[in-house]
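Inspection log for the structure reproduced underneath, given as structure tokens.
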Amino acid sequence: MIRAFILALQLLTRLPVPSLGAPPQPQQMGQSTLFFPVVGLLIGALLAGVHLALQGIAPGVLAALILTVWVLITGGLHLDGLADTADAWVGGQGDRDRTLAIMKDPRSGPIAIAVIVLLLLNKFAALQALSADAACAALLLVPALGRAVIVALLLTTPYVRPAGLGAPYAAYLPRQWCGLLLALLAATTVVVSGWAGTGVLVGLGIGVIGLRQALMQRLGGITGDTLGAACELTEMAALLVLALA
């Protein structure tokens, strides 16, 4: 299990981790999925710590610094997935094969840039609007919720690229344990954030159902890029709900 946790850290962050020696087996990659929300909690704990250490400075500057650290910790992994998905969704013009082909193109067009700018702007505004205590709670939970949505989509939706990066994660997913982990995270969100947390969960549930339906209609399932996009959109939506609440 320690190896699976390290694999999850390697995939989802740029934090220094011990070398694993031999390349991971597909089964170990699937087991690491169980730790995706745990890694999200770790990211959130680091962000909350930075917020506590710097909370005496101006709210706008603090929000910008937190967002910068957030991107640096993750290496922009999911932002890249969001950019590719945005370009493909618009440029694909409803065609499955064209959409999948555009996702593989490493270049980013104006749609991708606009979507990333808007997402980061919304995250920045939400972080600036939250009070100090609410911001710490939000920073702790939101990265975990984003990665929990990845697990939820892997549990419920086919993976469409047999040779893709996410194929072994989907094929060897520990389904029962992941389901229990998602339930535990949902309960924790309600305990920590109360009615606001309940509102976040309801909103995310509706959003995930709608996103899954759209992905099934366009692609017949998910890809690694769409999972990254789902994580980023979840984080943004959760922050906005908590800020508005």
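The values are calculated or read from the model by the stated rules, or taken from the named source; none is laboratory data. All values derive from a computational prediction rather than experimental measurement. Glycine gets a Cβ as well: all are built from the backbone with ideal geometry, and neighbour counts include every protein chain shown.
Some notes on this structure:
- When restricted to residues that are surrounded by fewer than 20 Cβ atoms within 10 Å (Cβ to Cβ) and assigned to a helix (DSSP H, G or I), region 153-167 contains 3.
- Residue in region 10-31 that is nearest to the chain's Cα centre (by Cα), counting only those that are part of a helix (DSSP H, G or I) and over 22 Å from residue 189 (Cα atoms): 11
- Scanning region 212-245 for residues that are buried (at least 20 other Cβ atoms within 10 Å of the Cβ) and over 18 Å from residue 142 (Cα atoms) yields 215, 219, 222, 223, 224, 225, 226.
- Residue check for residue 179: without any contact (Cβ under 8 Å) to a residue 40 or more places away in the chain and either at negative phi or part of a helix (DSSP H, G or I) (or both): yes
- Of all the numbered requirements in (1) surrounded by 15 or more Cβ atoms within 10 Å (Cβ to Cβ); (2) in contact with a Gly (Cβ under 7 Å, 6 or more places away or on another chain), residue 171 misses one, and that requirement is (1).
Matching residues to (1) modelled with pLDDT of 95 or more; (2) more than 14 Å from residue 152 (Cβ to Cβ); (3) assigned to a helix (DSSP H, G or I):
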| site | (1), (2), (3) |
| --- | --- |
| 169 | no, no, yes |
| 185 | no, no, yes |
| 190 | no, yes, yes |
| 198 | no, yes, yes |
| 231 | yes, no, yes |
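- Residue check, residue 147 within 15 Å of residue 231 (Cβ to Cβ) and of a type outside the set (Val, Ile, Thr): yes
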